[in-house]
1. With (1) without any contact (Cβ under 8 Å) to a residue 60 or more places away in the chain; (2) closer than 13 Å to V33 by Cα; (3) in contact with a strand residue (DSSP E or B) (Cβ under 7 Å, 6 or more places away or on another chain) as the list, and C96 as the residue in question, which single condition is left unmet?
2. Identify the single condition in (1) open to solvent by 20 Å² or more (accessible area, probe 1.4 Å); (2) closer than 22 Å to D106 by Cα; (3) assigned to a strand (DSSP E or B) that I70 does not satisfy, given that it satisfies every other one.
3. Any residue in region 35-64 that's closer than 17 Å to S21 by Cα and hydrophobic (A, V, I, L, M, F, W, C): show its pairings with residues that are part of a strand (DSSP E or B) and modelled with pLDDT under 95 at Cβ separation under 8 Å, as long as the two are six or more apart or on different chains.
4. Tally up the residues in region 33-59 that are of a type outside the set (A, V, I, L, M), over 19 Å from M83 (Cα atoms) and part of a strand (DSSP E or B), please.
5. Taking into account only those residues within region 13-49 that are of a type in the set (S, T, Y) and in contact with a Ser or Thr (Cβ under 9 Å, 6 or more places away or on another chain), which is least open to solvent (accessible area, probe 1.4 Å)?
6. Which of the following residues is among the small types (G, A, S), more than 10 Å from the chain's Cα centre (by Cα) and closer than 18 Å to V2 by Cα: S21, S52, S123, S17?
7. Among (1) modelled with pLDDT of 95 or more; (2) out of contact with any strand residue (DSSP E or B) (no Cβ under 8 Å at 6 or more places or on another chain), which single condition is N31 missing?
8. Inside region 1-12, can you point out the residues that are more than 13 Å from G116 (Cα to Cα) and surrounded by fewer than 17 Cβ atoms within 10 Å (Cβ to Cβ)?
Amino acid sequence: QVQLVESGGGLVQAGGSLRLSCAASGRAFSNLVMGWFRQAPGKERELVAAISWDGNSRYYVDSVKGRFTISRDNAKNTVYLQMNSLKVEDTAVYYCAADPFPILRDHPRYDYWGQGTQVTVSS
């Protein structure tokens with residue numbers, strides 16, 4: 001089992017920045033691929049970014065490339081999502097999730113989820 005707790009969401013103006021954090025416990029963090037998802041009202045949940053166990057492989061959805069950065073600190077069992085140049089369309093609930101596999105793969109299985117944190121970007 002893995003427990004995930006997100007923090008860092010809030011209200012920010014367009015063009016601003018936020019950093020989300022996700023603290024993990026319960027299972028060897030370095031054995032996990034970590035991902036950030038988001039879900040806006042009326043829209044499907046989408047994978048925003050993912051990172052391999054060692055940080056050497058990362059995935060970003062096209063809409064956030066160049067603006068968001070995913071990183072991890074295995075010593076602190078924490079994954080981060082630095083969000084810069086935020087846009088109104090980034091408004092969503094952001095979820096941290098864990099795939100019990102150490103490297104990025106075509107069909108990940110995100111078995112563990114946090115409770116989500118709200119990010120609201122105002123114009």
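1. In the conditions (1) without any contact (Cβ under 8 Å) to a residue 60 or more places away in the chain; (2) closer than 13 Å to V33 by Cα; (3) in contact with a strand residue (DSSP E or B) (Cβ under 7 Å, 6 or more places away or on another chain), C96 misses (1) alone.
2. All conditions are met except number (1).
3. Note: pairs meeting the criteria are A50/D99.
4. 0
5. Residues of region 13-49 that are of a type in the set (S, T, Y), as a first pass: 17, 21, 25, 30.
Narrowing further to those that are in contact with a Ser or Thr (Cβ under 9 Å, 6 or more places away or on another chain): 17, 21.
Numbers: S17: 64, S21: 25 Å².
Ranking the candidates gives S21 first.
6. Numbers: S21 fails: more than 10 Å from the chain's Cα centre (by Cα); S123 fails: closer than 18 Å to V2 by Cα; S17 fails: closer than 18 Å to V2 by Cα.
Just one listed residue meets the conditions, S52.
7. If we test N31 against (1) modelled with pLDDT of 95 or more; (2) out of contact with any strand residue (DSSP E or B) (no Cβ under 8 Å at 6 or more places or on another chain), just (1) comes out false.
8. We begin by selecting, within region 1-12, every residue more than 13 Å from G116 (Cα to Cα); these are 1-2, 11-12.
Answer for region 1-12, where residues must be more than 13 Å from G116 (Cα to Cα) and surrounded by fewer than 17 Cβ atoms within 10 Å (Cβ to Cβ): Q1, L11.
The values are calculated or read from the model by the stated rules, or taken from the named source; none is laboratory data. None of these values were measured; they are calculated from a predicted model. Cβ atoms come from the backbone with ideal geometry, glycine included; neighbour counts cover every protein chain shown. These area figures cover heavy atoms from the full protein model, side chains too; ligands, DNA and RNA do not enter into them. Shrake-Rupley method; radii C 1.70, N 1.55, O 1.52, S 1.80 Å.
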